[in-house]
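Colleague: Here it is, the structure in full.
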Amino acid sequence: MDNGLAGRSVYAFGDSIVYGHVYPRSFVDIVTDQHGMTLTKFARNGATIGADPHASGGQIRAQVEEATAVAPDFVLFDGGTNDAQSIFRNQRYDVGTYAGELEKTLETMKGKWPTARIVYVAAHKLGSRDWDTQMALREVTLRACHQWDVAIADVFGETTFDTRDDAQRAEYTFDDLVNGFPGKNGSGTHPNMAGITTFYVPVVSARLEQMSPR
């Protein structure tokens, strides 16, 4: 059945979960390949929503600002993963500052591409981040997305992917490549191919299909 996604364009912003970490392909590559979509990926490892001068990837809003003015059909983005470290471990800023920067990011996306359908991908439950900080960021992020009419592909809420469970951390995440491909036994942050195909792809694909004009 034609789901209306083939030939549609996607811009992808965010951090290493969108970029792929040390592997050049992530869940956005798999999803767009499966649906015959055209992907342009602007995500950077280490990127944050908030402004952390020590974050290696800069701000996600800067990715949006640097992208072409030609509107895509869809925008996919994540955020908050590295912000959780900046807020809890490094104390560079607080949740309120993150919320304000997220508003600016969404405003920039909406203003630059008013016709694009925007999807926030909520990453899985991370054993590698402080739990209370994750929950605080999730609350303000979901609220902002609802206010700005941004759709949510909720891997966090709609799947059992939880790397606080050590077995899941070992099976579904990677830090390094093995024979050129994502391995296993990672820190709990970066999904390997099993994590991507089991948890991310079904949720993101379903959200895009629901939003597609047929």
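Any read-out appearing in this document is the output of simple, stated calculations on the displayed coordinates, not a laboratory observation. Keep in mind that this is a model prediction, so the values were computed, not measured. Ideal geometry is used to build each Cβ from the backbone, glycine not excepted, and the neighbour counts take in all protein chains shown.
Colleague: Once the convex hull of the alpha carbons of segment 11-131 is built, what does its volume come to per residue, in cubic angstrom?
Modeller: So the per-residue hull volume is 102 Å³.
Colleague: Let me ask something else about it. Using a Gaussian network model of the chain whose springs link C-alpha atoms within less than 10 Å, name the residue from 85, 34, 134 with the highest mean-square fluctuation.
Modeller: 34
Colleague: At 0.36 nm per residue, minus the direct Cα-Cα distance, what do residue 69 and residue 115 gain on full extension? Give it in nm, one decimal, please.
Modeller: That works out to 15.4 nm of additional length.
Colleague: Label points 7 Å out from Cα along the Cβ direction at residue 104 and residue 194: separation in nm?
Modeller: Going from the residue 104 label point to the residue 194 one covers 4.1 nm.
Colleague: Run the helix sum for the chain: -39,500 (n - 2.57) per DSSP H stretch of 4+ residues, divided by residue count, reported at 222 nm to the nearest 500 deg cm²/dmol.
Modeller: -10500 deg cm²/dmol
Colleague: Let me ask something else. Rg over Rh of the chain, using C-alpha atoms and the Kirkwood radius, what does it come to? Before the final figure, lay out the partial values.
Modeller: Working: Rg = 16.0 Å, Rh = 17.1 Å.
Looking at the chain, the ratio lands at 0.94.
Colleague: What is the count of Lys pairs in segment 9-209 whose alpha carbons sit under 24 Å apart, if the two are 8 or more places apart or on different chains?
Modeller: On the way: 41/104; 41/110; 41/112; 41/125; 104/112; 125/184.
Value for segment 9-209: 6.
Colleague: Output the relative contact order of the chain, whole-number percent, from Cα pairs under 8 angstrom with separation of 6+ residues.
Modeller: Here the relative contact order equals 21 percent.
Colleague: Using alpha carbon coordinates only, what is the Rg to Rh ratio of segment 88-214, with Rh defined as the Kirkwood radius?
Modeller: 1.00
Colleague: Now a separate question. Can you give the net charge of the other residues whose Cβ lies under 14 Å from the Cβ of residue 33, counting K and R as +1 and D and E as -1?
Modeller: +2
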